[in-house]
Amino acid sequence: MDQHLPYVAAAIGMGMAVIGGGYGIGRLAAAALEGIARQPQAGGPIGTNMLIAAGLIEGATLVAEILCFMIVLLK
Amino acid sequence: MQEAGHKVVSEVQHGATAASAAEHAAGHPDDLGSTIMHHITDGHSLEFFGWEIPLPQIHIGGLDLSITKHVVMMWVAAVILILLFTVALRARRIVPTGLANLLEMIVLFVRDEISVKNLGAHHGRKLAPYLLTLFFFILTCNLLGLVPFAASATGNVNVTAGLAILSFLMIQFEGIREHGFFKHWKNLVPHGLPVLVLPIMIVVEILGMFVKPFALTMRLFANMTAGHVAILAFLGMIFVFKSTAASLAAAPMAVGLALGIMMLEVFVALLQAYIFTMLTSLFIGLSVHPSH
């Protein structure tokens, strides 16, 4: 059991990182779509800023995923 | 059939530990984990239809200056870009056609939508060459990862760190050129803050100065690596089953999923090149036009 614990830790960490990133990007896309629905002519700048923020959230999520990958590799 | 498949798999699993040294030397590790690692990490050889083309290993004064797989891929990207633009712009016309038209569209997008928008007309046009180089180089490196026998150099943390350090230097250099050396460092914190919050703000802003390029590095590297790992993991599903029948059944699904991820990768390659260029121009803009 003990030698499998790192795998369990990596799997749980991976899932939690995805939950966080998915929630963040979901909230972001919802707010952006709402904004575009209210004011369609602002679609361009809203889309650009949404992509930037999505990139930032994605960056943090992927750092967590890489760290989980490192746990498995360096076990 | 099932027994034969089982035998092969167990041989593979046992062989991996026994012959791992020899396998690593030949560049063909046999278990799934090390196969994936072999494909996403840098190496001292190029592969072409099962042939190994060795690359020179150069060590100068304790520094490893070897010409590795990713170095060759960066050269390939540079050669592709030089050839593409020379061929496209060989016949200069007022109204471009074909390839030149496509390239002009992308160049204008980067100049007007990324550079000028974040930096203003004057700095935007002045810095457009740097941002265009960054965009096309990252895009070509990303897309090379989807070409058979090639690898994406941007899936190497050293390459992305190098690009981010260049961006960091550009951020500081442009700020200093615009405001002068001391004024630039004073612009780090907004003016007119209460003196009591200054110690906190200075620490936070200095941290932020280094977090920006670090985030650029990790974002590009992790995105490219994650895409390759996902493709290889789906294809590896064919080989993890113990029976041949299960492997055959899994093959269409695995190839289909890998194809889907590869299509996503084409989009991610474009998006990451855009995000890197966009954030670089945004950060240079913050340094050139600080908030007062």
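I need the shape label for the range B:34-186. Rule: rounded when a/c is under 1.5, else prolate if a/b > b/c, else oblate, with a, b, c from the alpha carbon gyration tensor.
Oblate shape, in that a/c is at least 1.5 and b/c is the bigger or equal ratio.
Given the whole protein assembly as supplied and a 1.4 Å probe, what does the accessible area of B:Glu47 come to in Å², nearest 10?
Approximately 60 Å² for this residue.
Collect residues whose amide H, placed 1.01 Å from N in the peptide plane, falls under 5 Å from the amide H of B:Ser66; neighbours closer than 5 in sequence don't count.
B:Ile58
Give me the percent of the accessible area of the protein assembly as shown that comes from carbon and sulfur atoms, probe 1.4 Å, all protein chains in place.
After summing per-atom areas, the C and S share lands at 74 percent.
Quick one: what do you get for the protein assembly as shown if you divide its Cα Rg by 2.2 N^0.38 Å?
1.15
Which sequence of B:Lys186, B:Lys242 reflects their accessible areas, 1.4 Å probe, from the largest down?
Heavy-atom accessible area, descending, gives B:Lys186, B:Lys242.
Along the positive direction of the dipole of the protein assembly as shown (beta-carbon charges: Lys, Arg +1; Asp, Glu -1; about the Cα centre), which of B:Ser247, B:Val110, B:Pro56 reaches farthest?
Among B:Ser247, B:Val110, B:Pro56, the one farthest towards the positive end of the dipole of the protein assembly as shown is B:Val110.
Under a 1.4 angstrom probe, counting protein chains only, how are B:Arg92, A:Arg38, B:Arg125 ranked by accessible area, largest first?
I get B:Arg92, A:Arg38, B:Arg125, largest accessible area first.
Please report the net charge: other residues with Cβ closer than 14 Å to the Cβ of B:Ala161, K and R +1, D and E -1.
Charge balance in the 14 Å sphere: +1.
Charges on Cβ only, +1 for Lys and Arg, -1 for Asp and Glu, centred on the Cα centroid of the range B:27-141; of B:Val76, B:Leu65, B:Val95, which one is farthest towards the dipole's positive end?
B:Val95
Could you compute the net charge surrounding A:Glu58? Neighbours are other residues with a C-beta less than 14 Å from the C-beta of A:Glu58; K and R count +1, D and E count -1.
+1
Quickly estimate the mean residue ellipticity at 222 nm for chain B, helices only: each DSSP H run with n ≥ 4 gives -39500 (n - 2.57), and the total goes over all residues, rounded to 500.
-25000 deg cm²/dmol
Please compute the net charge surrounding B:Gly285, taking Lys and Arg as +1 and Asp and Glu as -1 over other residues with Cβ under 15 Å from its Cβ.
Result for the neighbourhood of B:Gly285: +2.
How big is the B-A contact in terms of buried accessible area, both chains counted, 1.4 Å probe, rounded to the nearest 100 Å²?
Counting both chains, the buried surface is close to 1200 Å².
Students sometimes get this wrong: rank B:Trp75, B:Trp51 by accessible area, probe 1.4 Å, all chains present, largest first.
B:Trp51, B:Trp75
Can you list the residues of the range A:55-73 that have at least 50 square angstrom less accessible area with all protein chains present than in their chain by itself, probe 1.4 Å?
Hits at the 50 Å² cut-off: A:Leu62, A:Ile66, A:Phe69.
If you fit an axis through the alpha-carbon atoms of helix B:157-179 and take the longest principal axis of the Cα set of chain B, what angle between them do you get, 0 to 90°, nearest 10?
0 degrees
Dividing the convex hull volume of the Cα atoms of the range B:140-282 by its residue count, what figure in Å³ per residue is obtained?
142 Å³
Taking the Cα centre of chain B as origin and charging only Cβ (+1 Lys, Arg; -1 Asp, Glu), how large is the dipole, in debye to the nearest 20?
The dipole magnitude comes to about 1240 debye.
With only alpha-carbon atoms counted, please give the Rg and Dmax of the range B:217-286, in Å.
Gyration radius and largest Cα-Cα distance of the range B:217-286: 17.0, 59 Å.
The values are calculated or read from the model by the stated rules, or taken from the named source; none is laboratory data. What you are looking at is a predicted structure, and each value in this text was computed from that prediction instead of being measured. As a convention, Cβ positions derive from the backbone with ideal geometry for all residues, glycine included, and neighbour counts pool all protein chains shown. Side chains included, ligands, DNA and RNA excluded: accessible areas come from the protein's heavy atoms. Shrake-Rupley method; radii C 1.70, N 1.55, O 1.52, S 1.80 Å.
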